[in-house]
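This report refers to the structure that appears directly beneath it.
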Amino acid sequence: MLSYSNSGVVMGVRAFPVKIEVDVSPGIPGFHIVGLPEGAVRESRERVRAAIRNSGYAFPTKKITVNLAPADIKKEGTGLDLPIAIAILCISGTVPQDSVSKYCFAGELSLDGTIKPARGVLPLALACSKWNTEGLIIPSENGAEGAIVKGLSVYPVSDLGEVAEFLQGRHKIEPLLTDPEAMLALCNRDMPDFQDVKGQEHAKRALEVAAAGGHNVLMTGPPGSGKTMLAKRLPGILPRLTFEEALETTTIYSVAGLLSPDTPLVVQRPFCTPHHTISDAGLIGGGTIPRPGQVSLAHNGVLFLDELPEFRKNVLEGLRQPLEDGSVTISRAAITVSFPARFTLVAAQNPCPCGHAGDTAVHCACTPAQIQRYRARISGPLLDRMDIQIEVPAVPYSELAGHQKGECSADIAKRVSAARKIQERRFAGRGIYSNAQMSSSHLEEFCSLSGEGRLFLGSVAERLALSARAFHRVIKIARTIADLADEKDIAVPHLAEAVQYRSLDRGNPF
């Protein structure tokens with residue numbers, strides 16, 4: 001006898017169909033799972049057996065073989081518990097095969113038959129909407145997550161008995177309906193405000209430019225100058241997530257198992273702040289079965305690296321690929337997966353180990369050799385990828401004690417949003433979304449300079465010995481500054497301001 005049910009497995013952020021085939025034959029009673037099952041899948045034998053019995057159904061006392069097809073793809077996770085149990089109930093005659101074959105199943109089983117949430121339901125739902133099924137049956141706690149996908153009927157269930165009665169036609173379950181657009185509209189913008197930052201007008205302007213063009217930022221300054229405070233306020237001036245961006249980000253969080261039933265859709269731009277002791281797998285992603293790292297969890301948001309030189313060098317060097325490509329590719333012996341990683345990198349560092357080099361109020365106790373070793377922890381190629389490099393000096397007491405508030409984040413966000421809309425129209429149909437993502441061909445098409453501008457930039461590049469990458473980044477920043485001013489052409493003042501944001505090329509005064 002043979003029966004089957006439909007499910008899927010997630011690799012990276014994509015789901016692939018899996019057909020669960022069950023054969024029952026005479027012989028010594030046993031329960032075998034084949035088809036490259038990983039540890040959690042092999043352990044499902046005991047969960048499935050106990051769940052079926054404790055739900056009041058008979059478990060076949062024969063030789064049971066479960067094949068997870070296709071057999072050349074590794075299957076991992078606990079989401080295959082439910083489809084395996086349904087296929088066994090089907091072969092025992094408890095539920096009809098015609099009903100089972102209409103749906104796709106996913107969920108982890110408890111020993112008492114309760115269906116627990118599974119990881120990666122959203123990418124499975126996205127893939128299931130393209131398969132020939134009438135709907136997706138998933139745990140009730142994953143219901144809102146799966147129902148985000150348009151055009152897919154999602155049936156939330158709480159236990160194995162409820163699924164069996166639904167497939168028998170004895171119990172009716174209504175498809176769950178959600179309104180993801182309404183979730184985005186209710187996005188809470190009550191975030192840290194720039195008006196709380198005293199002084200640092202130059203740094204605020206630099207972060208406005210970074211938000212408008214998606215540029216990476218490196219802030220250098222002594223302890224207590226407000227670097228972390230400034231970075232935490234950057235998400236508050238970024239444009240709201242579009243539905244497509246929210247879906248991309250939510251998919252990553254679903255794969256990582258970081259979604260809760262209360263937040264089925266990520267509606268705020270992520271702000272990730274890993275500690276400097278993080279491993280390369282934690283930051284970039286990895287593991288035996290690759291999982292997304294912090295760079296992917298920051299997709300469409302901000303990755304903030306405080307105390308940048310304190311991170312291990314091999315960890316920082318791993319940032320090169322995502323900064324250039326907007327994705328991370330992780331290769332293992334049996335699998336290669338890619339995770340999206342398009343984010344704005346904001347990094348902060350002290351000018352020296354004690355943090356007071358160049359400070360007129362506090363004496364620096366570091367030797368020149370110590371300062372040189374400290375700064376050498378960050379490679380030149382990585383620094384080259386930091387579009388905006390600014391100094392954040394200590395704030396004078398007169399400004400700290402003043403009662404005057406700066407410009408609020410809402411006003412800055414309006415200018416940033418207007419500049420981003422200009423870029424959306426400019427890059428329509430080209431697969432990029434901000435000035436920071438422009439390639440060399442895009443620079444020639446959208447960033448033509450006047451004769452005066454070319455002469456100015458040429459003299460600057462020669463005097464500062466700019467690399468080709470730094471030269472192009474200055475042009476990209478100038479393009480963003482022009483967009484903020486709603487000007488079509490890049491003028492010399494835009495280029496001059498852009499050069500001011502390359503402090504390390506100009507020679508760090510600290």
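The values are calculated or read from the model by the stated rules, or taken from the named source; none is laboratory data. From a predicted model like this one, the values you see are computed outputs, not experimental measurements. Positions of Cβ are backbone-derived with ideal geometry, glycine not excepted, and every protein chain shown enters the neighbour counts. The protein model used for the area step is the full one, side chains on, heavy atoms only, and it has no ligands, DNA or RNA in it. Shrake-Rupley method; radii C 1.70, N 1.55, O 1.52, S 1.80 Å.
Structure shown: which of 150/172; 232/488; 405/476; 75/116; 204/313; 19/116 lie over 27 Å apart, alpha-carbon to alpha-carbon? Present the calculation step by step, with values, prior to reporting the outcome.
On the way: 150/172 22 Å; 232/488 31 Å; 405/476 31 Å; 75/116 18 Å; 204/313 29 Å; 19/116 21 Å.
Result: 232/488; 405/476; 204/313 exceed 27 Å.
Can you compute the charge dipole magnitude of segment 231-276 about its Cα centre, using +1 on each Lys and Arg Cβ and -1 on each Asp and Glu Cβ, nothing else charged? Give it in debye, rounded to the nearest 20. Don't skip to the end; give the middle numbers.
Details: 4 positive and 4 negative charges, 60 e Å.
Dipole of segment 231-276, to the nearest 20 debye: 280 debye.
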Original post:
How much length is gained if the chain between residue 196 and residue 172 is pulled fully straight, taking 0.36 nm per residue apart and subtracting their Cα-Cα distance, in nm to one decimal?
Top reply: 3.2 nm
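With runs of 4+ DSSP H residues as the only contributors, calculate the mean residue ellipticity of the chain at 222 nm using -39,500 (n - 2.57) per run, divided by the residue total and rounded to the nearest 500.
After summing the helix terms and dividing by the residues of the chain, the value is -10500 deg cm²/dmol.
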Original post:
Roughly how many nanometres apart are two label points built 7 Å out from the Cα toward the Cβ at residue 424 and residue 242?
Top reply: 0.6
**OP:** With θ set to phi - 60°, apply the Karplus curve 6.51 cos²θ - 1.76 cosθ + 1.60 along segment 475-484 and write out the HN-Hα couplings as whole Hz, x wherever there is a Gly or Pro.
**Re:** 5, 4, 5, 4, 5, 5, 4, 5, 5, 5
Original post:
Considering only protein heavy atoms, what is the solvent-accessible area of residue 414 at a probe of 1.4 Å, reported in Å² to the nearest 10?
Top reply: 140
Original post:
Between segment 149-177 and segment 321-364, what is the C-alpha centre distance in whole Å?
Top reply: 45
**OP:** Give me the distance in nm between label points sitting 7 Å out from Cα along the Cα-to-Cβ direction at residue 181 and residue 444, one decimal.
**Re:** 4.1
Original post:
How far is the Cα center of segment 256-293 from the Cα center of segment 404-429, in Å?
Top reply: 27
**OP:** Would you pull out the residues with amide H under 5 Å of residue 35's amide H, same chain only if 5 or more places away, H placed 1.01 Å from N?
**Re:** 68
Original post:
Over the heavy atoms of residue 184, what accessible area does a 1.4 Å probe trace out, to the nearest 10 Å²?
Top reply: 20
**OP:** Compute the acute angle (0 to 90°) between the alpha-carbon long axis of helix 451-464 and the principal axis of greatest extent of the alpha-carbon atoms of the chain; round to the nearest 10°.
**Re:** 90
Subject >> Per-pair calculated FRET efficiency, R0 = 22 Å: residue 260 and residue 408 via Cβ, rounded to 0.05 >> reply: 0.10
Subject >> Magnitude of the charge dipole, the chain, Cβ model with Lys/Arg +1 and Asp/Glu -1, debye to 20 >> reply: 760
**OP:** Let me know the shape class of segment 377-419, please: from the alpha-carbon gyration tensor, a ≥ b ≥ c as square roots of the eigenvalues, rounded when a/c is under 1.5, otherwise prolate if a/b is greater than b/c, or oblate.
**Re:** oblate
Subject >> Relative contact order (%) - the chain, alpha-carbon pairs under 8 angstrom, separation at least six >> reply: 13
Subject >> Local net charge near residue 31, Cβ-Cβ under 15 Å (Lys/Arg +1, Asp/Glu -1) >> reply: +2
**OP:** Using a 1.4 Å probe and ignoring any ligands, DNA or RNA, find the accessible area of residue 103 and quote it in Å² to the nearest 10.
**Re:** 30
Original post:
Label-point separation (nm) for residue 361 and residue 288, each offset 7 Å from Cα along Cα-to-Cβ?
Top reply: 5.4
Subject >> Accessible-area ranking of 335, 88, largest first, probe 1.4 Å >> reply: 335, 88
Original post:
For segment 150-200, how big is the tail of P(r) above 13 Å, as a whole percent of Cα pairs?
Top reply: 73
**OP:** May I ask what percent, to the nearest 5, of DSSP beta bridges between residues of segment 280-412 are antiparallel?
**Re:** 65
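Within the set of other residues whose C-beta is less than 12 Å from the C-beta of residue 264, count the net charge using Lys and Arg as +1 and Asp and Glu as -1.
Working: positive: none; negative: 141, 145, 179, 262.
Here the charged neighbours net out to -4.
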Original post:
Measuring from the lowest to the highest alpha carbon on each principal axis, how far does the chain reach, largest first, in angstroms?
Top reply: 84, 47, 46
**OP:** Would you please classify the overall shape of segment 257-380 from the alpha carbon gyration tensor, given that a ≥ b ≥ c denote the square roots of the eigenvalues, rounded means a/c under 1.5, and beyond that prolate means a/b larger than b/c while oblate covers the rest?
**Re:** prolate
Subject >> Global geometry of segment 320-405, whether rounded, prolate or oblate, following the gyration tensor of its Cα atoms and the 1.5 cut on a/c >> reply: oblate
